[in-house]
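Visitor: Provided herewith is a single structure, encoded as structure tokens, for subsequent inquiry.
The values are calculated or read from the model by the stated rules, or taken from the named source; none is laboratory data. These figures come from a predicted structure and were not determined experimentally. Positions of Cβ are backbone-derived with ideal geometry, glycine not excepted, and every protein chain shown enters the neighbour counts.
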Amino acid sequence: MSGGKFRVVVTRNIPEVALKMLRDVPNIEMSVYEHRDRAMPREEIIAELSKGADGLLCLLTDKIDGELIDAAKGRVKIVSTMSVGYNHVDTGALKQRGIDLGFTPDCLTETTADTTVVLLMTTARRVGEAIAAAKDGSWGTWDPLWMCGKDVHSSTVGIVGFGRIGQAVARRLKAFGCRILYTGPRQKPEAAEVGAEFVSEDELFAGSDFVVPMFPLSDATRGFFNKARFAKMKKDAIFINATRGEVVVQDDLVDALQNGVIAAAGLDVTVPEPLPTDHPLFKLPNCVVLPHIGSATVATREQMATMAAANIVAFATGKPVPFKAKL
């Protein structure tokens with residue numbers, strides 16, 4: 001701290017409720033990037049840190065590594081990210097420098113599960129195509145085969161990974177009368193609550209009408225869904241991804257959709273983000289792409305922001321960081 005002030009660099013104009021939390025602490029001084037519609041450029045983060053900073057409140061869009069942290073010349077003592085995942089943070093660099101990492105665990109479960117089910121149903125019932133047809137005049141007289149989609153009720157949904165969000169998705173789809181399969185490293189006792197069946201990976205792919213990954217990004221899961229795994233799925237299967245774009249080999253997904261290996265895909269995450277408007281996925285009628293809105297509700301985003309701010313406030317006032325990642 002300099003002059004008794006704990007200076008914090010905030011890389012995005014986050015919800016006001018969180019900024020007020022920081023502003024209301026007498027010894028905290030803030031520098032906030034004024035633009036809510038775009039990420040703070042890396043060079044600007046470095047420039048702000050070089051002016052002196054004790055804390056950094058960042059987002060998934062910010063790559064936090066040793067080079068960036070060192071711009072503060074050893075002064076930064078806590079990084080708090082407004083996210084559940086922290087793959088964008090070089091945790092080894094923070095650990096080496098004795099810097100705490102705060103994050104926002106367990107706040108996205110229900111909202112992301114809602115989005116996943118919305119995406120699944122939108123893709124299955126071809127909602128995007130139907131809306132476009134109503135608007136552009138291609139909606140004609142009743143045709144028994146026109147705009148037919150896939151039933152969600154009574155279908156089989158395979159969830160790869162069965163953590164909190166996977167279980168929340170299963171609870172919602174169980175209400176539609178879906179059979180729930182799941183696979184992963186081990187069986188989960190919680191699966192009994194929704195009658196989910198533990199099966200092998202191959203059994204899940206072969207038997208599921210919908211395949212939904214619900215696992216975190218890691219070295220083991222990066223590129224998990226590739227040409228070989230798409231080939232194991234049913235030809236009328238629909239692939240839904242609302243976890244991380246990097247778990248999919250995207251070119252393999254394009255090929256699978258173009259060549260009828262699987263029927264359709266619904267994506268809330270892609271590589272890169274934003275996805276270029278001329279990307280092949282946008283040209284495929286059997287692919288729905290959302291702009292990463294998994295946690296996009298006012299309540300959830302405010303909760304994320306306040307949790308991230310609470311980490312900074314606690315550290316700045318000498319209290320234990322409430323949502324601290326294990327480095």
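Visitor: Taking the criterion of being under 30 Å from residue 12 (Cα atoms), touching a strand residue (DSSP E or B) at 6+ places or on another chain (Cβ under 9 Å), of a type in the set (Asp, Glu) and at pLDDT 95 or above, would at least one residue in segment 262-273 satisfy it?
Guide: Yes: one or more hits.
Visitor: Scan 157, 212 and give me the residue that is touching a Leu at 6+ places or on another chain (Cβ under 6 Å) and either buried (at least 24 other Cβ atoms within 10 Å of the Cβ) or charged (D, E, K, R) (or both).
Guide: That would be 157, the only listed residue that is touching a Leu at 6+ places or on another chain (Cβ under 6 Å) and either buried (at least 24 other Cβ atoms within 10 Å of the Cβ) or charged (D, E, K, R) (or both).
Visitor: Of all residues in segment 290-327 being surrounded by fewer than 19 Cβ atoms within 10 Å (Cβ to Cβ) and β-branched (Val, Ile, Thr), which is farthest from residue 251 (Cα to Cα)?
Guide: Top of the filtered list is 317.
Visitor: Give the number of residues within segment 237-265 that are at positive phi and buried (at least 20 other Cβ atoms within 10 Å of the Cβ).
Guide: 0
Visitor: Considering each of 225, 198, 210, 215 in turn, give the residue that is in the same structural domain as residue 268 (by TED's automatic domain parsing), touching a residue at least 12 places away in the same chain (Cβ under 8 Å) and touching a Pro at 6+ places or on another chain (Cβ under 8 Å).
Guide: Checking each option against the conditions leaves just 225.
Residue-wise test of (1) closer than 23 Å to residue 126 by Cα; (2) more than 22 Å from the chain's Cα centre (by Cα).
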position: 179; (1), (2): yes, yes
position: 182; (1), (2): no, no
position: 194; (1), (2): no, yes
position: 215; (1), (2): no, no
position: 223; (1), (2): no, no
position: 237; (1), (2): yes, yes
position: 249; (1), (2): no, no
position: 261; (1), (2): yes, yes
position: 270; (1), (2): yes, no
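Visitor: Would you mind telling me which numbered condition in (1) crowded, with 20+ Cβ neighbours inside 10 Å; (2) touching a helix residue (DSSP H, G or I) at 6+ places or on another chain (Cβ under 8 Å); (3) under 24 Å from residue 149 (Cβ atoms) residue 234 fails?
Guide: Result: residue 234 fails condition (1) only.
Visitor: Evaluate segment 159-181: report whether one residue or more is touching a helix residue (DSSP H, G or I) at 6+ places or on another chain (Cβ under 7 Å), under 22 Å from residue 213 (Cβ atoms) and part of a loop (DSSP other than H, G, I, E, B).
Guide: Yes, segment 159-181 contains at least one residue that is touching a helix residue (DSSP H, G or I) at 6+ places or on another chain (Cβ under 7 Å), under 22 Å from residue 213 (Cβ atoms) and part of a loop (DSSP other than H, G, I, E, B).
Visitor: Now for a separate question. Under the condition of being assigned to a helix (DSSP H, G or I), over 11 Å from the mean Cα position of the chain (by Cα) and touching a residue at least 12 places away in the same chain (Cβ under 8 Å), which residue from segment 114-126 is nearest to residue 85 (Cα to Cα)?
Guide: Here the answer is 114.
Visitor: When you scan segment 53-60, do you find a residue that is out of contact with any Ser or Thr (no Cβ under 9 Å at 6 or more places or on another chain), outside the structural domain of residue 217 (by TED's automatic domain parsing) and in contact (Cβ under 8 Å) with a residue 12 or more places away in the chain, even just one?
Guide: No, every residue in segment 53-60 fails to be out of contact with any Ser or Thr (no Cβ under 9 Å at 6 or more places or on another chain), outside the structural domain of residue 217 (by TED's automatic domain parsing) and in contact (Cβ under 8 Å) with a residue 12 or more places away in the chain.
Visitor: Is it the case that some residue within segment 175-184 is surrounded by 17 or more Cβ atoms within 10 Å (Cβ to Cβ), touching a residue at least 12 places away in the same chain (Cβ under 8 Å), over 28 Å from residue 107 (Cβ atoms) and not polar (S, T, N, Q)?
Guide: yes
Here's the yes/no breakdown for (1) assigned by TED's automatic domain parsing to the domain that holds residue 132; (2) touching a residue at least 24 places away in the same chain (Cβ under 8 Å); (3) polar (S, T, N, Q):
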site	(1), (2), (3)
264	yes, yes, no
269	yes, yes, no
276	yes, no, no
280	yes, yes, no
284	yes, yes, no
294	no, yes, no
304	no, yes, no
307	no, yes, no
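Visitor: Of 72, 39, which residue is of a type in the set (A, V, I, L, M), under 22 Å from residue 6 (Cβ atoms) and assigned by TED's automatic domain parsing to the domain that holds residue 17?
Guide: Just a single option satisfies the conditions, and that option is 72.
Visitor: Answer yes or no: is there a residue in segment 141-152 that is closer than 23 Å to residue 294 by Cα, assigned to a helix (DSSP H, G or I) and either in contact (Cβ under 8 Å) with a residue 60 or more places away in the chain or out of contact with any Pro (no Cβ under 8 Å at 6 or more places or on another chain) (or both).
Guide: Within segment 141-152 (the criterion being closer than 23 Å to residue 294 by Cα, assigned to a helix (DSSP H, G or I) and either in contact (Cβ under 8 Å) with a residue 60 or more places away in the chain or out of contact with any Pro (no Cβ under 8 Å at 6 or more places or on another chain) (or both)), the answer is no, since none of the residues qualifies.
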